Amino acid sequence: MSKPFFARHKRTPKPKAEIKAKEAAELERRQARKQKELAVFGTEPKRSPGALAEREIWWCQQYQWLKGQGYLLRSRYAPDWVPSWEGSKRNPLDCEDGPAMVLGRIMDATRLSDGLYVSLKVIEKSEHPREAEIGRYFMAEKLASDPKNHCVPFLEVLSVPNEDDKQIIVMPLLLDFTKLPFDTFGEVIECIRQLLEGLWFMHKHLVAHCDCMWMNIMMDAKDLYVEPYHPVEPHMKRDFRGYASHYTRTQRPPKYYFIDFGLSCQYDTSEENPLEYPVLGGDKTVPEFQNNINIRLNPFPTDVYYLGNVIREQFLDTKIGFEFLKPLVDDMVQDDPSKRPKMEQAVEQFDSIRQSLTTWKLRSRVTDKYKYEDPFEHLYRGAAHWKRRIGFIVKRVSPIPRLSE
C-alpha cells in the first residue's frame, strides 16, 4: 500500500442609480443595526471565541428539519449543543466544534442513509433562478454517466419549509482544488486536462458557466486523505485528533469539478451567437468587461478567458517550469474575444502540448516561484520526491495519473 504524502436567460443591467440606491440602503441598514446594538449593550458586542456566528444561526434553525430529510449537521449546530471546551482551559479553535463556517451559504452535513459527507448550499430562486435547473440538467442519466462531465453532482434539491424563495442544493463534500500541493508536473497536466475537458463538455451542451474562476473549481478529495478531514479546517482530522495526512494526486487521482451555476446561461441549438449583457463574476480582469458593460456579448469566449486565466494565475505565473503552457494561455486570454479558441480547439492544443512532454518532465517536482525553501528543506523535499518517483517507476505507475473510468 502506498504511503500517504504528508434555457436561456436574458439579463437587463440594472441602472447605476438603482445599484447605488441599493448599496446606500444596505449601508444604512447596517449602521442602524450597529446603533441599536450600541444602545442595548453600551459597547459593540464581541463574539467570544467559538461562539456561533450570525451566519450560522439560520442553519441551526434548520437542524431538525434537515435531520428529517436525511442530513445531519455537526454537533455545533444541534439545538442542545454544549461546546466541548466548556468548563476547561482548551482553546475553542483547537476543538472539532470550535471553528465557525466560512461562508454563510454553504454548510456541511452527513447523509444518514450511507454516511456520505455532503455540502449544502442555500440559494434564493429569485436571485439565481437557473442554478438548480442547470445542475439538474447535468444530472440527467446520459450526461451524469459521461466521464467528461465535470459539473458538480446535484444529489438532491430541497425546498425550505415556510421560505418559498429558498432551496438547498445537496452536493458531495468537495475541497478547493489548490488546497493540497501538486507533487509532479503530471498531476498538474491531469488537472488541466480535466478542466479543459469539463468546460468543453458544458459548451457542447450549450451551457456557458459565466464564472469559472479558480474559486469555482473544486476536487473530490475524500480518497486523497488517509482519514476524513474536517470540513472547515481540512488540515485537521475530522475529529480534530491530529493533523490530516494525505496521499499525492499520483497515488490517489482526484476528480475535478466546476461548481456554482448561479450566473450560468443555457441556450438552444437555434442560437448560433447568443448574446448577454456582461455578468460580473469573481474574476474582475475580463478584458471585454473593462469598458462598456452595456454591450451584449457572447459568454462562451469569456468562459475561455476565465479558464485560461486560472491556468495562468495558478501555474504559469506562480510555479517554476510551466512555460510550455504559455502559447495555450496566451491564446485563451487574448483581449479580443473573437480571437480566442473555442474550447474544442483549446483541448486539441493542450493535447499536443501534453504529448510533447517527456516522462522525466512529467515526473519532476512542482515548486513555487515565490515560496522560499532553505537548503535543508529543499534537500529533504527533493529526497522524498525522488523516493516516491523511483517507487512509481518500479511499479510502472503512469506519470500522468488518470481516474479509473
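The values are calculated or read from the model by the stated rules, or taken from the named source; none is laboratory data. Just so it is clear, the model here is predicted, and its values are computed rather than measured. All Cβ positions, even for glycine, are placed from backbone atoms using ideal geometry, and neighbour counts span all protein chains on display.
Considering each residue of the stretch 305-315 in turn, none proves to be modelled with pLDDT of 95 or more, surrounded by 20 or more Cβ atoms within 10 Å (Cβ to Cβ), in a loop (DSSP other than H, G, I, E, B) and small (Gly, Ala, Ser). For the stretch 323-345, filtering for residues that are assigned to a helix (DSSP H, G or I) and surrounded by fewer than 19 Cβ atoms within 10 Å (Cβ to Cβ) leaves 11. Residue 150 meets each of the listed conditions (1) surrounded by fewer than 18 Cβ atoms within 10 Å (Cβ to Cβ); (2) in contact with a helix residue (DSSP H, G or I) (Cβ under 8 Å, 6 or more places away or on another chain); (3) not assigned by TED's automatic domain parsing to the domain that holds residue 260 apart from (1).
Just one residue in the set 373, 348 is out of contact with any Asp or Glu (no Cβ under 6 Å at 6 or more places or on another chain) and part of a helix (DSSP H, G or I); that residue is 348.
When the residues of the stretch 47-59 are filtered to those that are part of a loop (DSSP other than H, G, I, E, B) and surrounded by 15 or more Cβ atoms within 10 Å (Cβ to Cβ), which remaining residue is modelled with the highest pLDDT? Only one residue fits best here, namely 52. When the criteria are applied in full, residue 240 fails the requirement of being in contact with a Lys or Arg (Cβ under 8 Å, 6 or more places away or on another chain) and either not aliphatic (A, V, I, L, M) or not assigned by TED's automatic domain parsing to the domain that holds residue 360 (or both).
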